[in-house]
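Right, one structure below, let's go through it.
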Amino acid sequence: METDFNKTYHKKTSFLILIFLSFSLLSFSTNSTERKPEKNNTTLEKQITIVITKKTTKEELEEIKEQMTDEGLGFKYSNVIYNDKNEIIAISIYYKDLKNNSGNYSVSSQNPINNIVIVSDGNRISVKNEGSSNQSFISQGSGETSSSDNEKTYKDHRQAMQERSEQMEREMEERMKEMKERHAAMKNRMQKRSDSISAINQSQIKSTTDFKGNSNLITKNTTDLELIQIQKSYDVENISFNYKNIQRNDENQITHISITIDNRNGSISTSGFGNGKDAIKNIIVAVDKQHTIMKNAE
């Protein structure tokens with residue numbers, strides 16, 4: 001009896017030990033399985049953010065390119081145009097991540113660009129434009145086929161941007177040429193008018209006096225610079241020419257001026273012209289060692 005009882009007891013004890021070991025192994029396996037995803041999620045949560053602003057220089061663009069290459073990302077830029085304030089007004093960008101997600105971004109405007117933000121979190125890569133004042137083109141996809149199509153679209157858009165930039169430069173050159181031609185024509189007309197008036201007034205002076213010097217004409221449109229030039233021309237001849245109390249209207253026309261001439265040979269004349277409201281009439285000024293003449297030409 002005791003022998004059968006011992007056999008039965010040992011069998012039950014062995015069975016309980018097997019159940020306990022199986023439960024322990026199952027618990028250990030479950031815990032190990034549950035911890036692995038935490039490690040993988042940590043790897044995928046790494047995020048890279050790149051920001052390109054209107055003030056980004058070409059040297060900084062090269063640094064961004066190197067940084068993204070070091071992170072295993074693709075980055076190319078082209079058609080970068082700066083305005084006279086060294087602000088970016090046009091740029092084209094191509095980008096790609098490790099999973100072959102890729103895209104193209106282009107912007108061209110007369111105004112400085114808004115901030116361009118490139119973000120990659122390991123699963124995808126994207127670009128956004130912070131603001132709405134620029135016209136931009138964004139093409140994005142994944143896989144080799146989409147990347148090829150995007151690259152073609154990007155090249156077509158880049159060519160269109162280049163053509164637009166060249167057209168803008170041609171138009172600017174044409175406008176500058178037209179402005180120079182108009183300026184030259186206006187200067188030529190003013191010189192002819194001045195020569196004509198000077199010849200008429202010189203003839204009037206010589207017909208009424210034995211004047212042997214040179215004359216000058218002061219009109220309502222004579223500038224301060226021209227008055228200074230007249231003053232310097234008389235200084236060379238040892239003649240004093242001074243003016244004061246000059247007044248101008250809203251159209252910058254002379255409405256009053258006081259002139260004093262001293263030929264430093266005993267002849268001094270001082271005269272005032274204009275009422276301070278209406279534009280003055282033309283004034284003839286003629287000085288030599290015997291005469292000082294100031295009068296209205298009309």
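The values are calculated or read from the model by the stated rules, or taken from the named source; none is laboratory data. No experiment lies behind these values; they were computed from the predicted model shown. Here Cβ is always computed from backbone atoms with ideal geometry, including for glycine, and neighbour counts include all displayed protein chains.
Within the range 212-234, residues that are within 17 Å of Ser271 (Cα to Cα) reach partners that are at pLDDT below 90 and part of a loop (DSSP other than H, G, I, E, B) with beta carbons closer than 8 Å, at six or more positions or on different chains, in the pairs Leu217/Ala297. Please work out if Ser269 is of a type outside the set (A, V, I, L, M, F, W, C), farther than 24 Å from Gln191 by Cα and surrounded by 12 or more Cβ atoms within 10 Å (Cβ to Cβ). Considered against the rule, which asks whether it is of a type outside the set (A, V, I, L, M, F, W, C), farther than 24 Å from Gln191 by Cα and surrounded by 12 or more Cβ atoms within 10 Å (Cβ to Cβ), Ser269 comes out as yes. If you go through the range 273-294, how many residues are over 15 Å from Phe241 (Cβ atoms) and modelled with pLDDT of 85 or more? Count: 9.
Condition check: outside any loop (DSSP other than H, G, I, E, B), in contact (Cβ under 8 Å) with a residue 40 or more places away in the chain and crowded, with 18+ Cβ neighbours inside 10 Å. Does Ile261 satisfy that? Answer is no for this residue. A residue that is farther than 10 Å from Lys220 by Cα and without any contact (Cβ under 8 Å) to a residue 40 or more places away in the chain occurs somewhere in the range 276-284.
Residue-wise test of (1) modelled with pLDDT under 60; (2) of a type in the set (Val, Ile, Thr).
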| residue | (1), (2) |
| --- | --- |
| Ser108 | no, no |
| Pro112 | no, no |
| Ile118 | no, yes |
| His157 | no, no |
| Glu166 | no, no |
| Ser196 | yes, no |
| Ser215 | no, no |
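Going through (1) surrounded by 13 or more Cβ atoms within 10 Å (Cβ to Cβ); (2) without any contact (Cβ under 8 Å) to a residue 24 or more places away in the chain; (3) more than 21 Å from Met161 (Cβ to Cβ) one by one, Val119 falls short only on (2). Checking the range 133-155 against the condition returns no match, with no residue being modelled with pLDDT of 55 or more, assigned by TED's automatic domain parsing to the domain that holds Ser108, out of contact with any helix residue (DSSP H, G or I) (no Cβ under 6 Å at 6 or more places or on another chain) and loosely packed, with under 11 Cβ neighbours inside 10 Å.
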